[in-house]
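> This is the structure I want to talk about, given as structure tokens.
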Amino acid sequence: MSLFFAYLSVLAALMSALVALATNRRAGVAKVAETLLARWPQAQPVTARVFAEAHYRDFHRYGLFALLGFSGLSAVLAGLGTLLSGAVLTDTLPFGLPWLNWHIRIDPLSGFFLCVLGLPLVAVSLFGPGYVREFEHGKHSLAALGLFTGLFVAGMELVLLADDAFSFMIAWELMSVASYFLVAYQHDHAANRRAAFLYLLMAEIGAIAIILAYGVLASFGGGLSFDALRGASLSPLWASIAFTLGLVGFGMKAGLIPIHAWLPEAHPVAPSHISALMSGVMLKIAVYGFIRFTFDLLDQILWQWGVLVLIIGSASAVLGILYALQQQNLKRLLAYSSVENIGIIFVALGLSLIFLSSGQTQLGTLGLVAALLHSLNHAVFKSLLFLGAGAILHQSHEQSLENMGGLIHRMPKLAAVFLIGTLSIAALPPLNGFVSEWLIFQTALQGGVIQSGVLRSLIPTASAMLALTSALAATCFVKVYGVAFLGLPRSYHIAHTREVHHRGMLVGPALLAACCVLFGVLPTPLINGLGNLTRQLTGFVLPDISALGWLWLTPVSPDVASYAPALVLIGAVTVGWLCYYLLYRRIRLEPRRAEPWDCGFGGLTSAMQYSSGAFSMPIRRIFQPVFDLREHLEQHKSGPDDTRVVILRYQFHVLDRAWLTLYQPAGRVVTKLARWVGRLQTGNIRTYLGYSFLTLILLLWVIS
């Protein structure tokens, strides 16, 4: 049954792509109607009524997203069935090469990530019909948006179901190419074309690394099926080469520093519901690929791999949130925050690899569980935040935090939902972000059991960097919510913004907000549900995860640490109610309302409140060596001897050092090589004949 639902999810995604094409124009709908009437004249009354009453654009929007929602729901059902039963179901499809059909497999690992994919997809299906309405009368094709969205979702689902390297790479490329067209959807802007090209270029480089990684395993395993790859026996050197190639390939798609440059460029320019799927889901497909390759296909785990993953993950987490703090564009800020959270996931995976290679199976399993849980949590709250940013953009057409403010009074329902997302991503209890990060800390705190003194010193250092990341993340999203939703509006568009009219644009994010609360308050059943998955990858199931009862979370043992999120929530609600009752009901204090103190300036204005750049300025000064900072101060003076400043403008731009030190030099080298190779094109026919003759002589010499 799980395999049936998995097939159903892929079929629904492909059907949504066909619906997008079929309902592109009224002529297309009319042609379908004429065909139906010609073949089945008895259907004329029903067909005429349907096509007379249904506007083709509404049918396009609702039909497409209904199929996507059905695909997401089917993926969740398939994933839950496999995850809870522990079954491994396989099938073979008659596609591919004559000697290699597509091998399909759904097991607890792919089932879990089907759930990670399905939940945000259901929310996007509710959010999408209202959001894409603004594209109906634009110059960009809704058919293209729907077509490539369906192919993008189908590609991600097929990646999770692939059981051989050939079908995996076909699905991987379908996912990458379809998402390229989604990034380039509004291609009339040069920045969008540039971001799409950079994304496709890095996606293909990553795909080449993954192909080479599979090639190393296939050369020792004797086949491309995952069963053959699992049977490959590699020396430590070849295993390390395969692991490094896999880390580069999957890490490039996930957005690990320093191979993350595409991510902050692509996410802000894609439509917001696509940004939610790319950041919330596609990055987790890369995490799935890395886990599948490292924990399942490779026949050994070395501690050096864990050290490398831990260092890269820690750097990605800290640098990602530092760059997020300096962004003014809300979607770009969320994109850099995804770099940070992917870094946190890889910190947990690095700890897991270190402990597993050291023989500490229980702690290695705990690190893996923490990584999986944070993958799910990040998919939920990051999709929520991107959808919230999309609702703000849809209503106000503003993306810059510097122009926002006061949205809590204009969009109160969205403000409440968005607040839950910011609290979750800031890892505050009792929401879901805190649980997974707490589990990572609990894993790291057990580093004393390792014999190596170097590793015992490295793990606390990584823990300190993770703690710094958590504090900076809280600061970052205090800035986001405070600047965007509190205070006074800073622009005309924000001042006249109203709540979204389409109910689905609130229901979709609200569904994800409910998941943030549910997964945070009741994490124990969720972690227990991962038992079949950890048994598959590590051969171990965490024994005492709820030793004190289902309300308590005891990851290592009851004597080491415990956490009861439900009791934290009950305590917070009780304290809040008591404060309200004692202050306003019992004592009946009447609040005194008065204008806030304005320092004698004659009334508060939006120019007096903290801006986004001013809020992050202390962090920018403290970590200035990390940034490439360009500042410009402009003053206009008047009066005697220019003593009075009448206009003061301050602008700053933070550049990514990875871009300056890695990508720009590489781009210059490639440009020089291209110009040098371009000299071969002389335009002279005799020169081209000479090239052909020399090539022929060379080939004859080589063959003979």
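Here, each number is a calculation from the coordinates, and none is a lab measurement. Here the structure is a predicted model, which is why all the values come from computation and not from measurement. No Cβ is skipped: glycine too gets one built from the backbone with ideal geometry, and neighbour counts run over all protein chains shown.
> Find all pairs meeting these conditions: Cβ atoms under 8 angstrom apart; at least six residues apart or on different chains; first residue within region 636-656 and more than 30 Å from residue 265 (Cα to Cα); second residue of a type in the set (Ser, Thr, Tyr).
Going by the 8 Å Cβ cut-off, the qualifying pairs are 637/643; 644/638; 646/638.
> Residues 173, 136: which one is acidic (Asp, Glu) and touching a residue at least 60 places away in the same chain (Cβ under 8 Å)?
136
> Based on this model, can you work out whether residue 402 counts as touching a residue at least 60 places away in the same chain (Cβ under 8 Å), within 13 Å of residue 491 (Cα to Cα), out of contact with any Gly (no Cβ under 9 Å at 6 or more places or on another chain) and of a type in the set (Asp, Glu)?
no
> Is region 227-240 home to any residue that is in contact with a Pro (Cβ under 7 Å, 6 or more places away or on another chain) and either more than 27 Å from residue 325 (Cβ to Cβ) or not hydroxyl-bearing (Ser, Thr, Tyr) (or both)?
no
> On to the next question. Looking at 414, 393, 384, 407, which one is closer than 30 Å to residue 554 by Cα and in contact (Cβ under 8 Å) with a residue 40 or more places away in the chain?
384
> Among the residues of region 152-174, are any under 21 Å from residue 508 (Cβ atoms) and either in contact with a Lys or Arg (Cβ under 7 Å, 6 or more places away or on another chain) or not in a helix (DSSP H, G or I) (or both)?
Looking through region 152-174, none of the residues is under 21 Å from residue 508 (Cβ atoms) and either in contact with a Lys or Arg (Cβ under 7 Å, 6 or more places away or on another chain) or not in a helix (DSSP H, G or I) (or both).
> Is it the case that some residue within region 535-552 is part of a helix (DSSP H, G or I), closer than 19 Å to residue 440 by Cβ and over 20 Å from the mean Cα position of the chain (by Cα)?
yes
> For residues that are more than 19 Å from residue 155 (Cβ to Cβ) and of a type in the set (Ser, Thr, Tyr), scanning just region 242-284, find the one that is surrounded by the most Cβ atoms within 10 Å (Cβ to Cβ).
Filtering first and then ranking leaves 272.
> Which residues, taken from region 168-181, are out of contact with any Leu (no Cβ under 7 Å at 6 or more places or on another chain), farther than 14 Å from residue 263 by Cβ and not aromatic (Phe, Trp, Tyr)?
Listed by number, the residues that qualify are 169, 170, 173, 175, 177.
> I've got another one for you. In this structure, does residue 459 turn out to be in contact (Cβ under 8 Å) with a residue 40 or more places away in the chain, out of contact with any Gly (no Cβ under 7 Å at 6 or more places or on another chain), more than 30 Å from residue 606 (Cβ to Cβ) and not polar (S, T, N, Q)?
In short, no.
> Would you be able to tell me the number of residues in region 70-129 that are more than 21 Å from residue 275 (Cβ to Cβ), small (Gly, Ala, Ser) and in a helix (DSSP H, G or I)?
The total comes to 7.
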